[in-house]
1. Kindly evaluate Gly85 against the criterion of being without any contact (Cβ under 8 Å) to a residue 40 or more places away in the chain and in contact with a Gly (Cβ under 6 Å, 6 or more places away or on another chain).
2. Being among the polar types (S, T, N, Q) and open to solvent by 60 Å² or more (accessible area, probe 1.4 Å) is the filter; apply it to segment 5-33 and report the residue that is farthest from the chain's Cα centre (by Cα).
3. Any residue in segment 77-93 that is within 27 Å of Asp5 (Cα to Cα) and part of a helix (DSSP H, G or I)?
4. Applying the selection to segment 25-57, what residues are closer than 19 Å to Tyr81 by Cα and part of a loop (DSSP other than H, G, I, E, B)?
5. Got a number for residues in segment 59-104 being crowded, with 18+ Cβ neighbours inside 10 Å and among the aromatic types (Phe, Trp, Tyr)?
6. For segment 108-117, check the following and say yes or no: at least one residue is open to solvent by less than 70 Å² (accessible area, probe 1.4 Å) and under 15 Å from the mean Cα position of the chain (by Cα).
7. If we keep just the residues of segment 121-133 that are in a loop (DSSP other than H, G, I, E, B) and surrounded by 10 or more Cβ atoms within 10 Å (Cβ to Cβ), which is modelled with the lowest pLDDT?
8. Take segment 68-83 and flag every residue that is aliphatic (A, V, I, L, M) and touching a Phe, Trp or Tyr at 6+ places or on another chain (Cβ under 6 Å).
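The values are calculated or read from the model by the stated rules, or taken from the named source; none is laboratory data. Remember, predicted model here, so these are calculated numbers, not experimental data. Cβ sites come from the backbone with ideal geometry, for glycine too, and all protein chains shown count toward neighbours. Just so you know, the surface numbers come from the protein's heavy atoms only, side chains and all, with ligands and any DNA or RNA stripped out. Shrake-Rupley method; radii C 1.70, N 1.55, O 1.52, S 1.80 Å.
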Amino acid sequence: MWLSDAQKIGVALTTFGTLFMFLGVMLFFDAALLALGNMLFLSGLTLIIGPQKTFSFFARKQKLRGTICFLGGVMLVFIKYPFIGMIVETFGFLNLFGDFFPVVLTFLRQLPFIGTALSLPYIRPVVDRLVGSRTSAV
């Protein structure tokens, strides 16, 4: 799969946004790092999938609660309530992107060392329950 230049920049912005949000949480919810991470993440996501698809993703009726919580959490971080903002934002993120977790788990299970660890007898049912993946009859 080939990416355009804008999509490559979007991947970099999303990666840096995730890194800044992680650093913001690790540095005791530093509001400046969290706000910068939010801006980079949202702009990177827009560059990866395009403005029209980004708007249609966030404006879906079944994703409205997640969108309101995610953007409300971003606004709380911007007005210097980083702890409460990140809690609300995480809830919104899980509502928005929760459908992708089984796909990510399937991808991780195909990796050499991580896949072996995720397929161990006592770990597999726990991870399946957390992600909510379903086994097919085939």
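1. No; evaluated as a whole, the condition is false for this residue.
2. Thr15
3. yes
4. Leu27, Phe28, Phe29, Asp30
5. Number of matching residues: 1.
6. No, there is no match, as no residue in segment 108-117 is open to solvent by less than 70 Å² (accessible area, probe 1.4 Å) and under 15 Å from the mean Cα position of the chain (by Cα).
7. Per the stated criteria, the residue is Ser133.
8. Listed by number, the list is empty, since nothing qualifies.
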